[in-house]
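Student: Please find one structure pasted underneath; my questions will follow.
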Amino acid sequence: MKKGVLASGALALGLGASGTATAQQASSALVFTYDFATNRRFEQTAQLQQGTTNGILQDVVSQPDEWTGFIGRYREDEEDPGEFFITFTRGGPLGTGVFGADVTFFATDANLLMASIQEYEGSNGG
């Protein structure tokens, strides 16, 4: 019985037989204004526990459990130690990319922006 419960729990989490979840990267994210940098390469480094995400977003959105929190890191190359930030997505993982110029204020009291996520296309010469 325990095996069945564990197997169904893994399927509910989106884990297949290989033990990995597959999802398309999100197309936008919430990011704090002081962490936002456009056209700087970032990578997802960790996922926040849902309780942490709910606690941060509880006074900002009506259903915080629809959002997934991530720790991201701006990092240009392997030698760059990077800068960490917290961000939230709906509909997919953060992955790797850049925040585009398509940005709007999502919640001014919480200093959160809604920013588009675009594919990283290399150096902009600066």
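Student: To the nearest 0.05, what FRET efficiency results for Gln24 and Glu121 with a Förster distance of 25 Å applied to their C-beta separation?
Tutor: Taking R0 as 25 Å, the efficiency between Gln24 and Glu121 is 0.85.
Student: Rolling a 1.4 angstrom probe over the protein heavy atoms, how many square angstrom per residue are accessible across the stretch 21-77? Could the numbers behind the result be given before it?
Tutor: Values: 3150 Å² over 57 residues.
Accessible area per residue: 55 Å².
Student: Right, next: Please list 52-64, 31-43 highest first by mean number of surrounding beta-carbon atoms within 10 Å per residue.
Tutor: Averaged packing, sorted descending, gives the order 31-43, 52-64.
The values are calculated or read from the model by the stated rules, or taken from the named source; none is laboratory data. Everything quoted here is computed from the prediction, not taken from an experiment. Glycine also receives a Cβ, built like all others from the backbone with ideal geometry; neighbour counts cover every protein chain displayed. Keep in mind that these areas ignore ligands, DNA and RNA; they rest on the heavy atoms of the full protein, side chains included. Shrake-Rupley method; radii C 1.70, N 1.55, O 1.52, S 1.80 Å.
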